[in-house]
Amino acid sequence: MTAPAPRRNDDAADAGQPAGRDGDWRLFRGDGETRSVTFPEAPPWRRFGDKEARSRRTRPYLIGPQEADVVNAALLLRRPLLVTGHPGTGKSSLAHALAHELSLGRVLHWPVNSRTTLQDALYRYDAIGRLRETNRRRDAHGPEDAPQEEPGIGSYVRLGPLGTALVPSASPRVLLVDELDKGDVDLPNDLLNVFEEGEFEIPELARLTEEHASVSVMTSDPDTRTDVVRGQVRCTEFPVVVITSNGERDFPPAFLRRCVRLDLPEPDETRLRAIVRAHLDPDGAEGGGTDGFDDLMRAFLARRARGELATDQLLNAVFLRRGGVELDADGLLDAVLHRLGRTL
(Lines give C-alpha, C1' and ligand atoms only; values in the text may rest on other atoms or scores of the structure.)
Protein backbone atom coordinates (compact mmCIF):
# COMPACT_ATOMS: atom_id res chain seq x y z
CA MET A 1 0.00 0.00 0.00
CA THR A 2 1.42 3.35 -1.03
CA ALA A 3 1.58 6.03 1.64
CA PRO A 4 -0.16 9.32 0.74
CA ALA A 5 2.13 12.13 -0.33
CA PRO A 6 2.76 14.77 2.30
CA ARG A 7 0.55 17.81 2.00
CA ARG A 8 2.26 20.98 0.82
CA ASN A 9 1.73 24.47 2.09
CA ASP A 10 3.67 26.67 -0.30
CA ASP A 11 1.50 29.67 0.52
CA ALA A 12 2.71 29.62 4.12
CA ALA A 13 6.32 29.34 3.01
CA ASP A 14 5.96 32.17 0.48
CA ALA A 15 4.42 34.38 3.16
CA GLY A 16 7.41 33.86 5.42
CA GLN A 17 5.42 31.81 7.90
CA PRO A 18 6.74 28.63 9.54
CA ALA A 19 6.51 25.93 6.90
CA GLY A 20 4.53 22.87 7.94
CA ARG A 21 1.32 21.03 7.22
CA ASP A 22 -1.48 23.59 7.03
CA GLY A 23 0.85 26.30 8.33
CA ASP A 24 1.22 24.63 11.74
CA TRP A 25 4.30 24.37 13.94
CA ARG A 26 6.10 21.75 11.86
CA LEU A 27 9.19 23.30 10.26
CA PHE A 28 10.60 19.97 9.07
CA ARG A 29 8.40 17.57 7.09
CA GLY A 30 10.80 14.82 6.11
CA ASP A 31 9.67 14.81 2.47
CA GLY A 32 13.00 15.82 0.90
CA GLU A 33 11.64 19.09 -0.50
CA THR A 34 13.49 22.39 -0.03
CA ARG A 35 11.49 25.32 1.32
CA SER A 36 11.97 28.65 3.07
CA VAL A 37 10.96 28.73 6.72
CA THR A 38 10.80 31.35 9.45
CA PHE A 39 11.84 30.08 12.85
CA PRO A 40 9.59 31.19 15.71
CA GLU A 41 11.14 32.82 18.77
CA ALA A 42 13.23 30.47 20.86
CA PRO A 43 12.41 29.63 24.49
CA PRO A 44 13.73 32.34 26.84
CA TRP A 45 16.34 29.95 28.26
CA ARG A 46 17.67 29.09 24.78
CA ARG A 47 18.41 32.60 23.48
CA PHE A 48 22.09 33.30 22.93
CA GLY A 49 22.33 36.46 20.86
CA ASP A 50 22.88 39.60 22.90
CA LYS A 51 23.85 40.42 26.46
CA GLU A 52 20.26 41.21 27.43
CA ALA A 53 19.10 37.82 26.14
CA ARG A 54 21.76 36.02 28.16
CA SER A 55 20.74 38.00 31.23
CA ARG A 56 17.12 36.93 30.78
CA ARG A 57 18.23 33.30 30.60
CA THR A 58 19.74 33.43 34.10
CA ARG A 59 17.18 35.62 35.84
CA PRO A 60 14.35 33.29 36.94
CA TYR A 61 15.70 31.08 39.73
CA LEU A 62 13.56 30.04 42.67
CA ILE A 63 14.93 28.33 45.76
CA GLY A 64 13.40 27.50 49.13
CA PRO A 65 14.23 29.55 52.25
CA GLN A 66 16.10 26.66 53.90
CA GLU A 67 18.29 26.15 50.83
CA ALA A 68 18.87 29.90 50.58
CA ASP A 69 20.08 29.93 54.19
CA VAL A 70 22.67 27.26 53.36
CA VAL A 71 23.88 29.36 50.43
CA ASN A 72 24.18 32.40 52.70
CA ALA A 73 26.16 30.39 55.24
CA ALA A 74 28.69 29.51 52.54
CA LEU A 75 28.90 33.16 51.49
CA LEU A 76 29.50 34.37 55.05
CA LEU A 77 32.06 31.65 55.78
CA ARG A 78 33.88 32.18 52.45
CA ARG A 79 33.69 28.44 51.85
CA PRO A 80 32.97 26.53 48.63
CA LEU A 81 29.35 25.42 48.24
CA LEU A 82 29.06 21.74 47.29
CA VAL A 83 25.71 21.31 45.55
CA THR A 84 24.14 17.90 44.96
CA GLY A 85 20.75 16.80 43.65
CA HIS A 86 19.02 15.03 40.81
CA PRO A 87 19.53 16.26 37.24
CA GLY A 88 17.48 19.36 36.52
CA THR A 89 17.19 20.60 40.10
CA GLY A 90 19.20 23.73 39.27
CA LYS A 91 22.69 22.93 40.55
CA SER A 92 24.62 24.77 37.83
CA SER A 93 22.00 27.51 37.52
CA LEU A 94 22.58 28.44 41.15
CA ALA A 95 25.98 29.92 40.27
CA HIS A 96 24.41 32.16 37.62
CA ALA A 97 21.64 33.16 40.01
CA LEU A 98 24.21 34.20 42.61
CA ALA A 99 26.16 36.26 40.09
CA HIS A 100 22.98 37.94 38.89
CA GLU A 101 21.41 38.71 42.29
CA LEU A 102 24.67 39.89 43.87
CA SER A 103 25.91 41.79 40.78
CA LEU A 104 29.17 39.84 40.70
CA GLY A 105 29.65 39.88 36.96
CA ARG A 106 30.36 37.06 34.55
CA VAL A 107 30.44 33.51 35.93
CA LEU A 108 33.78 31.73 35.52
CA HIS A 109 33.01 28.19 34.35
CA TRP A 110 35.27 25.19 34.96
CA PRO A 111 33.72 22.01 33.48
CA VAL A 112 35.39 18.90 34.90
CA ASN A 113 35.97 15.59 33.13
CA SER A 114 38.20 12.56 33.62
CA ARG A 115 41.20 14.32 32.00
CA THR A 116 40.95 17.55 33.98
CA THR A 117 43.91 18.66 36.09
CA LEU A 118 44.30 21.42 38.65
CA GLN A 119 46.78 23.28 36.45
CA ASP A 120 44.18 23.47 33.67
CA ALA A 121 42.05 25.54 36.02
CA LEU A 122 44.92 27.68 37.35
CA TYR A 123 46.89 28.66 34.24
CA ARG A 124 48.42 27.49 30.99
CA TYR A 125 51.81 28.42 29.59
CA ASP A 126 52.21 28.06 25.84
CA ALA A 127 55.95 27.38 25.75
CA ILE A 128 55.76 25.93 22.23
CA GLY A 129 53.99 29.01 20.90
CA ARG A 130 56.64 31.24 22.44
CA LEU A 131 59.44 29.17 20.93
CA ARG A 132 57.81 29.32 17.50
CA GLU A 133 57.53 33.10 17.73
CA THR A 134 61.20 33.34 18.71
CA ASN A 135 62.22 31.23 15.71
CA ARG A 136 59.92 33.21 13.40
CA ARG A 137 61.58 36.47 14.44
CA ARG A 138 65.04 35.04 13.88
CA ASP A 139 64.04 33.75 10.44
CA ALA A 140 62.53 37.11 9.52
CA HIS A 141 65.51 39.22 10.62
CA GLY A 142 68.39 36.85 9.96
CA PRO A 143 70.93 35.69 12.55
CA GLU A 144 72.82 39.01 12.70
CA ASP A 145 69.81 41.32 12.98
CA ALA A 146 67.65 39.02 15.12
CA PRO A 147 66.35 40.67 18.31
CA GLN A 148 68.21 39.69 21.45
CA GLU A 149 65.13 39.32 23.64
CA GLU A 150 62.53 36.56 23.39
CA PRO A 151 58.84 37.48 23.00
CA GLY A 152 57.28 38.69 26.25
CA ILE A 153 56.22 35.69 28.32
CA GLY A 154 52.98 37.38 29.43
CA SER A 155 51.44 36.88 26.00
CA TYR A 156 51.84 33.13 26.41
CA VAL A 157 50.39 32.74 29.90
CA ARG A 158 46.62 32.58 30.32
CA LEU A 159 44.93 32.15 33.67
CA GLY A 160 42.26 29.46 33.82
CA PRO A 161 38.85 29.93 35.46
CA LEU A 162 40.12 29.14 38.97
CA GLY A 163 43.23 31.26 38.46
CA THR A 164 41.11 34.18 37.24
CA ALA A 165 38.78 33.81 40.24
CA LEU A 166 41.80 34.27 42.54
CA VAL A 167 42.95 37.53 40.93
CA PRO A 168 42.75 40.34 43.53
CA SER A 169 39.53 42.33 43.18
CA ALA A 170 37.20 44.48 45.26
CA SER A 171 34.32 41.99 44.87
CA PRO A 172 34.53 38.20 44.74
CA ARG A 173 34.09 36.40 41.43
CA VAL A 174 31.66 33.51 40.99
CA LEU A 175 33.34 30.25 39.96
CA LEU A 176 31.27 27.26 38.82
CA VAL A 177 33.14 23.96 39.19
CA ASP A 178 30.79 21.76 37.19
CA GLU A 179 30.51 18.01 37.94
CA LEU A 180 33.61 17.59 40.07
CA ASP A 181 32.69 13.95 40.67
CA LYS A 182 33.58 13.21 37.03
CA GLY A 183 37.20 14.22 37.60
CA ASP A 184 40.20 12.19 38.68
CA VAL A 185 39.95 10.72 42.16
CA ASP A 186 42.85 12.92 43.36
CA LEU A 187 41.46 16.20 42.03
CA PRO A 188 39.49 17.15 45.20
CA ASN A 189 42.65 16.68 47.29
CA ASP A 190 44.63 18.76 44.79
CA LEU A 191 42.20 21.61 45.38
CA LEU A 192 42.60 21.64 49.16
CA ASN A 193 45.64 23.90 49.38
CA VAL A 194 44.33 26.40 46.83
CA PHE A 195 40.96 26.64 48.58
CA GLU A 196 42.60 26.95 51.98
CA GLU A 197 45.26 29.51 51.08
CA GLY A 198 43.48 31.39 48.28
CA GLU A 199 46.69 31.60 46.25
CA PHE A 200 48.95 29.77 43.82
CA GLU A 201 52.29 30.28 42.10
CA ILE A 202 53.21 30.37 38.42
CA PRO A 203 56.78 28.98 38.43
CA GLU A 204 57.56 30.25 34.92
CA LEU A 205 57.02 33.81 36.16
CA ALA A 206 58.54 33.33 39.61
CA ARG A 207 61.90 32.46 37.98
CA LEU A 208 62.15 35.75 36.08
CA THR A 209 64.70 38.39 37.03
CA GLU A 210 63.82 41.37 39.22
CA GLU A 211 63.42 43.68 36.24
CA HIS A 212 60.61 41.41 35.02
CA ALA A 213 59.01 40.97 38.44
CA SER A 214 55.62 42.24 37.22
CA VAL A 215 54.18 40.54 34.14
CA SER A 216 50.86 41.28 32.42
CA VAL A 217 49.09 37.99 31.59
CA MET A 218 45.82 37.05 29.96
CA THR A 219 42.81 35.90 31.99
CA SER A 220 39.73 33.81 31.28
CA ASP A 221 37.73 36.99 30.75
CA PRO A 222 37.65 38.07 27.09
CA ASP A 223 40.23 40.74 26.20
CA THR A 224 41.26 41.18 29.84
CA ARG A 225 44.74 41.08 31.36
CA THR A 226 46.09 41.33 34.89
CA ASP A 227 49.50 41.97 36.40
CA VAL A 228 51.16 39.08 38.23
CA VAL A 229 54.02 40.05 40.55
CA ARG A 230 56.84 37.53 41.12
CA GLY A 231 54.62 34.72 39.90
CA GLN A 232 52.19 34.95 42.83
CA VAL A 233 48.41 35.16 42.44
CA ARG A 234 46.55 35.73 45.72
CA CYS A 235 42.94 36.76 46.14
CA THR A 236 41.80 39.63 48.33
CA GLU A 237 38.23 38.28 48.43
CA PHE A 238 37.74 34.51 48.28
CA PRO A 239 35.60 33.70 45.23
CA VAL A 240 32.04 32.44 45.44
CA VAL A 241 32.73 28.81 44.51
CA VAL A 242 29.80 26.61 43.50
CA ILE A 243 30.79 22.95 43.05
CA THR A 244 28.22 20.60 41.52
CA SER A 245 28.15 16.83 41.87
CA ASN A 246 25.81 14.13 40.56
CA GLY A 247 26.95 11.69 43.24
CA GLU A 248 29.03 9.49 40.94
CA ARG A 249 31.88 9.46 43.48
CA ASP A 250 32.32 10.16 47.19
CA PHE A 251 34.70 12.95 48.14
CA PRO A 252 37.42 12.61 50.81
CA PRO A 253 36.56 13.89 54.32
CA ALA A 254 39.29 16.53 54.21
CA PHE A 255 37.66 18.06 51.14
CA LEU A 256 34.14 17.84 52.54
CA ARG A 257 35.28 19.56 55.73
CA ARG A 258 36.20 22.65 53.72
CA CYS A 259 32.83 22.85 51.94
CA VAL A 260 29.30 23.80 52.90
CA ARG A 261 26.96 21.13 51.55
CA LEU A 262 23.63 21.81 49.88
CA ASP A 263 21.33 19.09 48.58
CA LEU A 264 18.72 20.57 46.26
CA PRO A 265 15.38 18.75 46.54
CA GLU A 266 13.10 18.16 43.60
CA PRO A 267 10.56 21.01 43.48
CA ASP A 268 6.98 20.18 44.47
CA GLU A 269 3.97 21.08 42.36
CA THR A 270 3.59 24.56 43.86
CA ARG A 271 7.20 25.46 43.14
CA LEU A 272 7.05 23.88 39.69
CA ARG A 273 4.18 26.16 38.78
CA ALA A 274 6.12 29.15 40.10
CA ILE A 275 9.20 28.13 38.10
CA VAL A 276 7.20 27.78 34.87
CA ARG A 277 5.58 31.16 35.47
CA ALA A 278 8.96 32.80 36.16
CA HIS A 279 10.43 31.48 32.91
CA LEU A 280 7.49 31.75 30.53
CA ASP A 281 5.46 34.63 31.95
CA PRO A 282 7.70 36.72 34.25
CA ASP A 283 5.64 39.89 33.79
CA GLY A 284 2.24 38.24 33.98
CA ALA A 285 1.45 39.45 30.47
CA GLU A 286 -0.30 36.23 29.46
CA GLY A 287 -1.61 35.12 32.81
CA GLY A 288 0.86 32.31 32.17
CA GLY A 289 2.38 29.77 34.48
CA THR A 290 0.83 26.34 33.96
CA ASP A 291 -2.79 27.57 33.82
CA GLY A 292 -4.51 25.39 31.25
CA PHE A 293 -1.68 22.86 31.25
CA ASP A 294 -2.70 20.74 34.23
CA ASP A 295 -2.49 17.58 32.14
CA LEU A 296 1.20 18.24 31.47
CA MET A 297 1.81 18.85 35.16
CA ARG A 298 0.09 15.58 36.08
CA ALA A 299 2.05 13.68 33.44
CA PHE A 300 5.33 15.20 34.61
CA LEU A 301 4.72 14.40 38.29
CA ALA A 302 3.62 10.84 37.49
CA ARG A 303 6.66 10.17 35.34
CA ARG A 304 9.01 11.80 37.85
CA ALA A 305 7.71 9.42 40.51
CA ARG A 306 8.79 6.46 38.36
CA GLY A 307 12.17 7.80 37.30
CA GLU A 308 14.40 10.83 36.97
CA LEU A 309 13.01 13.85 35.17
CA ALA A 310 14.39 17.38 35.04
CA THR A 311 12.40 20.53 35.64
CA ASP A 312 13.43 21.96 32.28
CA GLN A 313 11.64 19.05 30.60
CA LEU A 314 8.37 20.39 32.01
CA LEU A 315 9.33 23.87 30.77
CA ASN A 316 9.95 22.41 27.31
CA ALA A 317 6.56 20.67 27.29
CA VAL A 318 4.63 23.79 28.35
CA PHE A 319 6.52 25.96 25.84
CA LEU A 320 5.72 23.57 22.98
CA ARG A 321 2.05 23.31 23.97
CA ARG A 322 1.78 27.11 24.02
CA GLY A 323 3.17 27.14 20.49
CA GLY A 324 0.41 24.85 19.30
CA VAL A 325 2.42 21.62 19.31
CA GLU A 326 0.29 18.49 19.57
CA LEU A 327 2.15 16.78 22.40
CA ASP A 328 -0.33 13.93 22.71
CA ALA A 329 0.22 12.70 19.15
CA ASP A 330 2.67 10.04 17.96
CA GLY A 331 4.57 9.67 21.24
CA LEU A 332 5.88 13.25 21.21
CA LEU A 333 5.18 13.67 24.93
CA ASP A 334 7.31 10.58 25.58
CA ALA A 335 10.16 12.20 23.64
CA VAL A 336 9.97 15.41 25.69
CA LEU A 337 9.38 13.84 29.12
CA HIS A 338 11.80 10.97 28.67
CA ARG A 339 13.46 9.40 31.69
CA LEU A 340 17.03 10.57 32.34
CA GLY A 341 18.20 7.54 34.29
CA ARG A 342 19.28 4.29 32.72
CA THR A 343 16.52 2.02 31.47
CA LEU A 344 16.41 -1.31 33.35
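Points worth noting:
- Which listed residue is in a helix (DSSP H, G or I) and outside the structural domain of LEU337 (by TED's automatic domain parsing), from ARG130, ARG124: ARG130
- Sole residue being of a type in the set (Val, Ile, Thr), surrounded by fewer than 16 Cβ atoms within 10 Å (Cβ to Cβ) and under 18 Å from ASP120 (Cα atoms), chosen from VAL185, VAL177: VAL185
- Residues within segment 150-207 that are at positive phi and acidic (Asp, Glu), tallied: 1
- In segment 288-338, the residue that is modelled with the highest pLDDT out of those that are under 15 Å from THR270 (Cα atoms) and aromatic (Phe, Trp, Tyr) is PHE300.
- Pairs where the first residue, in segment 255-266, is polar (S, T, N, Q) and the second is not in a loop (DSSP other than H, G, I, E, B), C-beta under 6 Å, 6+ apart: none
- Whenever a residue of segment 200-213 is within 14 Å of GLY163 (Cβ to Cβ), its partners that are of a type in the set (Phe, Trp, Tyr), lying with C-beta atoms within less than 7 angstrom and at least six residues away or across chains, give the pairs ILE202/TYR123; GLU204/TYR125.
- Those helices (runs of 4 or more DSSP H) lying entirely in segment 202-280 with at least 2 residues surrounded by 13 or more Cβ atoms within 10 Å (Cβ to Cβ) and under 21 Å from the mean Cα position of the chain (by Cα): 269-280
- All conditions but one from (1) modelled with pLDDT under 85; (2) in a helix (DSSP H, G or I); (3) basic (Lys, Arg) apply to ARG342; the one that does not is (2).
- For segment 110-133, taking the residues that are of a type in the set (Gly, Ala, Ser) and within 17 Å of PRO203 (Cβ to Cβ), the one that is surrounded by the most Cβ atoms within 10 Å (Cβ to Cβ) is identified as ALA121.
- Total residues in segment 154-193, condition closer than 19 Å to PHE255 by Cβ, of a type outside the set (Gly, Ala, Ser) and part of a loop (DSSP other than H, G, I, E, B): 5
The values are calculated or read from the model by the stated rules, or taken from the named source; none is laboratory data. No experiment lies behind these values; they were computed from the predicted model shown. No Cβ is skipped: glycine too gets one built from the backbone with ideal geometry, and neighbour counts run over all protein chains shown.
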